[in-house]
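For reference, the structure is listed below as structure tokens.
Laboratory data are not the source of any read-out in this text; all were calculated from the coordinates shown. Owing to the predicted nature of the structure, the values given are computational and were not obtained by experimental measurement. Positions of Cβ are backbone-derived with ideal geometry, glycine not excepted, and every protein chain shown enters the neighbour counts.
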Ligand code: GLY
């Protein structure tokens, strides 16, 4: 009963804060103060801020964990906003801390690990030393593509299956497009397109929700449709829907192929029209979690979806305004007290209330570094677009 009341109270609070206007300067001022503290508590660049442990202590991870690039990437966003060289130095330091992962062929997550820090750093500084690191990383990622299957392998094993591919893998493709442009080697781009096409074919249900894990046979046929982090094989794991939305939006940006735009719009419509999406538009960790409304929200899914919807809104169409307004509402919610930490709390992360892996009982209702990363990216995208939409703040 106590839990139920807390949940009702939280829902009312979360809905009420959706009206808070977004002051991007204020949000970055807060991020700056919070991450100053994060830097002070992290003198060792082999320990990457990730989340909070069940006992309340900071949870750090090594560079081979899939999230190691998000801290450096977030520092680049702060530098982009502040133009303060102190942040450039910090971003450079935490970016180079991931460099050795360029040789890592044991993971598909090199888009997150390498492209988020080095890609943002290169965009802002044109530091040519980053280019060979990124190209080596893209080559390492490409080794996980088997042309007979037509997809990049995500994990080396899942249950009894040896070729699992997760929807999250769509987030690596932007890195391959960059590598194709930079190197002139179209093979990177061909891999990205083949992966996206096969994911479009096999990962989605008729309502445009996606499975988390599709397990393939060596000939590219589907062996099984599963979940790892969702509530059930047939459920719509919230962050997976956000990864797909972001991934197909990027595919349209990179190729201008309308089928990817259509796919991104279908995913957006599934997400935004879902009866279990709360009023503040920050989803439960799974749209089909069994005990809604007594389930944790996932701020990370909200931040990823907000950033993706802002880009999707720039590609026109009858729902462009809805996508923009929904994204703004998501950012407003995240910027409000229900999700945003107060100074010095939350182990110095910006956002509270994300879910990493609920079935694995890991990182449930905690801060997550990638929630912060996509929140900051979303704020920058919002700031770039808001004048066009006549927003005052
Ligand atoms: N597997 C990456 C994620 O948790 O979204």
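Any chance you could run the full-extension gain for residue 224 through residue 315? It's 0.36 nm times the residue separation minus the Cα-Cα distance, nm to one decimal.
On the way: separation 91, 0.36 × 91 = 32.76 nm, distance 3.45 nm.
In short, 29.3 nm is gained.
Diffusion coefficient of the chain by Stokes-Einstein, Kirkwood radius over Cα pairs, 37 °C, 0.692 mPa s: 157 µm²/s.
Could you calculate the contour length gain from residue 148 to residue 291, that is, 0.36 nm times the residue separation minus the distance between their Cα atoms, to one decimal place in nm?
Details: separation 143, 0.36 × 143 = 51.48 nm, distance 4.13 nm.
Gain in length upon complete extension: 47.4 nm.
Most tightly packed first, judged by the mean number of other beta-carbon atoms within 10 Å of their residues, the peptides 77-84, 182-189 read 77-84, 182-189. Taking springs between alpha-carbon atoms closer than 10 angstrom, which of 271, 375, 130 fluctuates most in the Gaussian network model of the chain? Top of the fluctuation ranking is 130. Mean silhouette area of the range 248-332, derived from the convex hull of its C-alpha atoms and averaged over all directions, reads 5.4 nm². Largest GNM mean-square fluctuation among 140, 326, 362, using the chain with Cα springs under 10 Å: 362.
Could you tell me the calculated FRET efficiency between residue 197 and residue 105, based on Cβ-Cβ distance and R0 = 25 angstrom, to the nearest 0.05?
Working: r = 23 Å, r/R0 = 0.94.
Efficiency, from the Cβ-Cβ distance: 0.60.
When a/c reaches 1.5 or more, the comparison of a/b and b/c decides; with that in mind, is the range 271-393 rounded, prolate or oblate per its Cα gyration tensor? Verdict is oblate for the range 271-393. Each residue, residue 36 and residue 279, gets one label point 7 Å from its Cα in the Cβ direction; the gap between the two is 3.7 nm. Using only alpha-carbon positions in the range 32-82, the gyration tensor eigenvalues give semi-axes of 19, 14, 10 Å once each is multiplied by 5 and square-rooted (largest first). Remark: spin-label model distance residue 123-residue 322 equals 2.8 nm, labels positioned 7 Å along the Cα→Cβ axis. When both the range 293-358 and the range 102-164 are represented by their alpha-carbon centers, they are found 26 Å apart. Were the residues from residue 162 through residue 57 laid out at 0.36 nm apart, the gain over their Cα-Cα distance would be 34.2 nm.
Normalising by residue count, the range 149-247 has a Cα convex hull of 92 Å³ per residue.
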